[in-house]
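Structure record follows, encoded as structure tokens.
The values are calculated or read from the model by the stated rules, or taken from the named source; none is laboratory data. A quick note: this is a predicted structure, and the numbers were derived from the prediction, not measured. Here the Cβ is made from the backbone with ideal geometry for all residues, glycine too, and neighbour counts use every protein chain on show.
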Amino acid sequence: MHWRAIIRLFGILLMLYSLSFLPSLALARLYQDGQWLVFLVSLLLTAGGGLLLWLPNLRANSELSVRDGFLIVALFWALLGLFGALPFILGLHLSLTDAVFESISGFTTTGATVIVGLDQLPKSILYHRQQIQWLGGMGIIVLAVAILPLLGVGGMQLYRAETSGVAKHEKPTPRIAETARALWSLYFGLTATCGLAFWLAGMDPFDAIGHAFTTVATGGFSTHDASLGHFNSPLIESIAIVFMLAGGVNFAIHFVAWRDLNIRAYLADAEVRAYGLTFLGGSIFIAASLQWSGAYAGSWESLRHGTFQVASILTSTGFGTATFGDWPLHIPLVLVIISFIGGCGGSTAGGIKVLRVMLLVKLGVRQLFQLAHPRALAPVKIGQRLVTEDVLFSVWGFSVLYIVTCLLLTVAMMAAGLDLESAFGAVFTTVNLCGPGLGEVAVTFATVDPVVKWLGIFGMLAGRLEIFTLLILFMPTFWRN
């Protein structure tokens, strides 16, 4: 491990992150909500901490290894959670556990919360919550990769550790810095378009910007306790559906479609097609189930709420117009299953990812075929592209670790005092980065034991870093030279 280079990089990243407190500081002065000192102190502590890490290691310019990249990504997300929690500690006087939970939930775009009474919170604090989800959506590490080459720090190891699974080696441009800038340009453009659409649909500018941040980031934090249900607007919900689904698409596909000005790039991608069909099929099924169970008076209301909730859960956003855990019969379980599928690889969404689920299905079908035809060769393809055996092996390994992590966390949360429904709900919502859960955590984590919250923090980090990047740190061989 190149420890001095790693510590130097942490210092640079913290100093960069400290600048993100400036908009909240400006809003605190604009709205006169009494929080300007909170954000000034947060800025100074973060920048000062970064400076203390950077200065003693100023000349440590060792090239980072792949192992260094995994360590930096995993630890920096935890470090971000600590410094991002400062406004919650200083401004809202939350405990360390609650503040870190809220901050990690933001940066990992989970959307689970311990805060109640959002409608009464200072505007600057609300903006900070929304902004950390926006930064976490694409990954502040990838943002830094676009800048760090100018500072003499290599970025490819960080990009590979940060980006998701099967799609991590597919870059829109040959150079990593250009890739990061292209991704962030698309991300910013989608956010600006979403914010404008929300504003034209009736939101005030503050709510429009805040919800645009967390819609494109598929995060789910809202400035109101009732989430998007506060607005009771089918038009706003329709806009949210469009941009949540956009956030759940591989950004490399967005790049190709934007570069060629051709929407066929989406239709040509097998994963995007499967993602769209999952949304359509899930929406029809949930809407029909709501209508059949009599949860809503008419078919329009069933379709409206069913479609919105499927988009919200599939993309792991977690916005709500209703508490789906209270819906009757099988509906909550179906939505939980959808949450495990998640969005596309290379998107801001959580879950196992559509591409991996497609490969698992194809592997299952191949195994059945080979049982009947033991000597037959049955290659696995996605579209016209052959998938190599090492990728298939990686998908199997990821899926096993994902499920085992969920099971172990469920047992741990039950041991910490939750009933089975609440423990399972807490695990699926944290690991899948969904936000709303089941049982006691259907709306908030405010009432659960601190141990459950720390387990939830681990689950959120594991889900955001896609299991491997976090769990590899627990392997003794990782630390051996």
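Data for the structure
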{"item": "Test for GLY397: is it more than 21 Å from the chain's Cα centre (by Cα), under 22 Å from ALA349 (Cα atoms) and either in a helix (DSSP H, G or I) or of a type in the set (A, V, I, L, M, F, W, C) (or both)", "result": "yes"}
{"item": "Residue list for segment 77-99, restricted to those being assigned to a helix (DSSP H, G or I), modelled with pLDDT of 95 or more and under 23 Å from VAL216 (Cα atoms)", "result": "GLY84"}
{"item": "Residue in segment 338-349 that is at pLDDT 90 or above, over 21 Å from ASN432 (Cα atoms) and buried (at least 18 other Cβ atoms within 10 Å of the Cβ) present", "result": "no"}
{"item": "Any hit, segment 108-116, residues being modelled with pLDDT under 95, in contact with a helix residue (DSSP H, G or I) (Cβ under 6 Å, 6 or more places away or on another chain) and over 29 Å from ASP204 (Cβ atoms)", "result": "no"}
{"item": "Matching residues in segment 117-160 - criterion: being over 19 Å from the mean Cα position of the chain (by Cα) and at pLDDT 90 or above", "result": "GLY117, LEU118, ASP119, GLN120, LEU121, PRO122, LYS123, SER124, ILE125"}
{"item": "Residue within segment 97-116 that is surrounded by fewer than 22 Cβ atoms within 10 Å (Cβ to Cβ), touching a His at 6+ places or on another chain (Cβ under 6 Å) and charged (D, E, K, R) present", "result": "no"}
{"item": "First in segment 120-135 and touching a residue at least 12 places away in the same chain (Cβ under 8 Å), second anywhere and of a type in the set (Asp, Glu) and not in a helix (DSSP H, G or I), Cβ under 7 Å, 6 or more apart", "result": "PRO122/ASP33; LYS123/ASP33; SER124/ASP33"}
{"item": "Selection from segment 58-104 of residues that are polar (S, T, N, Q) and out of contact with any Leu (no Cβ under 9 Å at 6 or more places or on another chain)", "result": "ASN61, SER62, SER65, SER95, THR97"}
{"item": "Odd one out for ILE352, checked against (1) in a loop (DSSP other than H, G, I, E, B); (2) in contact (Cβ under 8 Å) with a residue 24 or more places away in the chain; (3) more than 27 Å from SER312 (Cα to Cα)", "result": "(3)"}
{"item": "Spans of helices (runs of 4 or more DSSP H) in segment 416-481 with at least 1 residues over 19 Å from THR109 (Cβ atoms) and among the hydroxyl-bearing types (Ser, Thr, Tyr)", "result": "420-431"}
{"item": "Candidate set: segment 260-271, residues that are charged (D, E, K, R) and free of Cβ contacts under 8 Å to residues at least 60 places away in the same chain; chosen: the one nearest to TRP184 (Cα to Cα)", "result": "ASP260"}
{"item": "Subset tally (residues that are in a helix (DSSP H, G or I) and under 23 Å from GLY425 (Cβ atoms)) for segment 303-332", "result": "15"}
{"item": "The lone exception for GLY383 - which of (1) at pLDDT 90 or above; (2) at positive phi it fails", "result": "(1)"}
{"item": "Any helices (runs of 4 or more DSSP H) falling wholly within segment 207-277 and containing at least 3 residues that are modelled with pLDDT of 95 or more and buried (at least 16 other Cβ atoms within 10 Å of the Cβ)", "result": "234-247"}
{"item": "Residue count, segment 81-98 (criterion: among the small types (Gly, Ala, Ser), more than 14 Å from VAL38 (Cα to Cα) and under 22 Å from the mean Cα position of the chain (by Cα))", "result": "1"}
{"item": "Tally, over segment 313-363, of residues that are of a type outside the set (Lys, Arg) and within 14 Å of the chain's Cα centre (by Cα)", "result": "21"}
{"item": "Residues located in segment 289-324, provided they are farther than 22 Å from GLY220 by Cα, hydrophobic (A, V, I, L, M, F, W, C) and touching a Gly at 6+ places or on another chain (Cβ under 8 Å)", "result": "LEU290"}
{"item": "Flag if LEU45 is closer than 25 Å to ASP119 by Cα, modelled with pLDDT of 95 or more and surrounded by fewer than 21 Cβ atoms within 10 Å (Cβ to Cβ)", "result": "no"}
